[in-house]
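Structure first, commentary second.
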Amino acid sequence: MRLTRREVLKLGLTLPPTAMMLLGSLGTARANTAQLSDGQRQQLLEDARTAWQFFEQPGRHLPGLAPANIWPEGPNQFGSYRIVTMWDVGSILLATISAHSLSIINDAELSKRIAGLDSFLRKAIYRYRGAQLPNFRSSIDTTKSIEAGYDATDTARLFIALHVADRRKIPGLNAREIIASWDLDRTVRDGEICSIKQGKLSPAEFYVYRYYVSRAYDLWKVKHKPVTAAQSPTASEASRKAFIEELKNIGPISSEPSLSEVVELGPSPHSEVILDILDKAQELRYEETSRLTCVSESPVDQEPWFTYQGYDLARNGEAAWTVYPWKTEKRWDTPEFAKKFRMVSSKAAFLWFAAYPSAYTEKLWQHVREHARAPKFGFYPGVYEASGKPSRNIDVNTNATILEAVAYAINGRKPLLS
């Protein structure tokens, strides 16, 4: 006899997270066939217009570019971090395409912004031993390098954005020509995808992002070794179990990039299993604690400024819901730190409702609609679980992802590349 999760809970049984996730295995996250009501469509379009405000900031030097973060400095003043990674640039490109698909911007505005992005990508270059590559961190005002290098994970998101632009035949951006201008084969050594930091080429550390990164490299036929030893995890019970064991060793899973993959390219077997596990775990925590749970990477509005929030299959109970800073320091490796900064991610809430609508994911979406809307420039990145208040900075990736999610939901839940 196979027990459901609810039956296990009613019987008072305690199983480790991996075993719980195998109950009812070989399923995938909820079917995404539910139709939006007229009211939901209107709210989503309102949210998309709110998110687009982030990209309408005054004082841009290059059309189409936007800072990575902005924050309030006084009643009507905002400071900004005017440096972007290639992940940010990919997000900006996808946000622009999404806004056009939703008729938030017209053809002329699209053309102007795409021209600025095209110019930026041709100038923000890192040169490594004769190779030309997209630079790690660059100024949006001058295109000059702020931190030289090449980041495989960040650039993978740009690869996906360029693929979407190419498939949709976005005018003014020759994605194939841009890709061909980079010596991407030089970033793969003995089949390993590598990053270049401080002038040193070394295997990239991309944790659960590896499946997204590998698929992005495949889109542009950049040859590399498989990033997983497991067979397709949807093929059988045994392959699913082997994949879950792999995930336990990799580290926490999170809403991104698996949900981003669904919205941008369509699901893969890896993303389907990750999202099935996380979907069940998040709702189960809500049932047990009455705390809305929606994890992702997210900026926070005080030191350490950025966190990675996820679900660790190698842990039990509350300890499985991890909150890690972007850099490791002993003072942040505490339960108190995790409790203080744990949040419902705004972008992940939109992604969940767009890709896998349910009563629970609608709760997540409505929660951030109510509590994470900024007075200007879009949505805050999330709502702290402990205080119920938003993190009061505003970032490009949150608002870009919201636009992607809305475009996916409104346009018949077809991946952006369609």
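The values are calculated or read from the model by the stated rules, or taken from the named source; none is laboratory data. All figures in this text were calculated on a predicted structure; none of them were measured in a lab. Counting neighbours? That spans all protein chains shown, and the Cβs are built from the backbone with ideal geometry, glycine included.
Residue by residue, here is whether (1) within 19 Å of the chain's Cα centre (by Cα); (2) more than 26 Å from Leu284 (Cα to Cα); (3) without any contact (Cβ under 8 Å) to a residue 40 or more places away in the chain holds:
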position: Tyr356; (1), (2), (3): yes, no, no
position: Tyr360; (1), (2), (3): no, no, no
position: Lys363; (1), (2), (3): no, no, no
position: Lys389; (1), (2), (3): no, no, yes
position: Val396; (1), (2), (3): yes, yes, no
position: Asn411; (1), (2), (3): no, yes, no
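Any idea which residue in the range 25-66 is surrounded by the fewest Cβ atoms within 10 Å (Cβ to Cβ), counting only those that are over 26 Å from Ala409 (Cβ atoms) and at pLDDT below 95? Applying the filter and picking the extreme gives Pro58. Selection of the range 158-202 for residues being touching a residue at least 40 places away in the same chain (Cβ under 8 Å) and either in a strand (DSSP E or B) or not assigned by TED's automatic domain parsing to the domain that holds Ser111 (or both) yields Ile193, Cys194, Ser195, Ile196, Lys197, Leu201. Inspection of the range 247-260 identifies no residue that is surrounded by 16 or more Cβ atoms within 10 Å (Cβ to Cβ), more than 23 Å from the chain's Cα centre (by Cα) and on the phi < 0 side of the Ramachandran plot.
I'd like to verify a number: residues in the range 59-80 that are free of Cβ contacts under 8 Å to residues at least 24 places away in the same chain and either small (Gly, Ala, Ser) or in the same structural domain as Ile146 (by TED's automatic domain parsing) (or both), how many?
4
Applying the condition of being surrounded by fewer than 20 Cβ atoms within 10 Å (Cβ to Cβ) and of a type in the set (S, T, N, Q) to the range 352-371 and asking which residue is farthest from Pro415 (Cα to Cα) yields Gln366.
Taking the stated definitions as given, is Glu205 in a loop (DSSP other than H, G, I, E, B), within 22 Å of the chain's Cα centre (by Cα), modelled with pLDDT under 95 and not small (Gly, Ala, Ser)? For Glu205, the condition - in a loop (DSSP other than H, G, I, E, B), within 22 Å of the chain's Cα centre (by Cα), modelled with pLDDT under 95 and not small (Gly, Ala, Ser) - is met.
Going by what's in this entry, would Leu278 be described as crowded, with 23+ Cβ neighbours inside 10 Å, over 17 Å from the mean Cα position of the chain (by Cα) and of a type in the set (A, V, I, L, M, F, W, C)? Criteria not met by Leu278. Restricting to helices (runs of 4 or more DSSP H) lying wholly in the range 38-153: which have 3 or more residues that are of a type in the set (Lys, Arg)? In the range 38-153, 107-123 are the helices (runs of 4 or more DSSP H) which contain 3 or more residues that are of a type in the set (Lys, Arg). Within the range 347-383, the set of residues being at pLDDT 95 or above, closer than 22 Å to Pro67 by Cβ and among the aromatic types (Phe, Trp, Tyr) comprises Phe350, Phe379, Tyr380. Residues in the range 242-266 that are part of a helix (DSSP H, G or I) and either within 21 Å of Gln282 (Cβ to Cβ) or of a type in the set (Asp, Glu) (or both): 14 in all.
I'd like the full set of residues that are acidic (Asp, Glu) and over 18 Å from the mean Cα position of the chain (by Cα), limited to the range 288-330. Answer for the range 288-330, where residues must be acidic (Asp, Glu) and over 18 Å from the mean Cα position of the chain (by Cα): Glu288, Asp301, Glu303, Glu318, Glu329.
A quick yes/no check of all residues on (1) among the hydrophobic types (A, V, I, L, M, F, W, C); (2) under 22 Å from Thr96 (Cβ atoms):
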residue: Ser111; (1), (2): no, yes
residue: Ala131; (1), (2): yes, no
residue: Ser139; (1), (2): no, yes
residue: Ser145; (1), (2): no, no
residue: Arg157; (1), (2): no, yes
residue: Val164; (1), (2): yes, yes
residue: Lys169; (1), (2): no, yes
residue: Glu177; (1), (2): no, yes
residue: Trp182; (1), (2): yes, yes
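Can you pull out the residues in the range 231-255 that are of a type in the set (A, V, I, L, M, F, W, C) and without any contact (Cβ under 8 Å) to a residue 60 or more places away in the chain? Across the range 231-255, the qualifying residues are Ala235, Ala238, Ala242, Phe243, Ile250.
If the condition is being buried (at least 18 other Cβ atoms within 10 Å of the Cβ), modelled with pLDDT of 95 or more and within 22 Å of Glu256 (Cα to Cα), then the range 209-234 contributes Tyr209, Arg210, Tyr211, Tyr212, Val213, Ser214, Arg215, Ala216, Tyr217, Leu219, Trp220.
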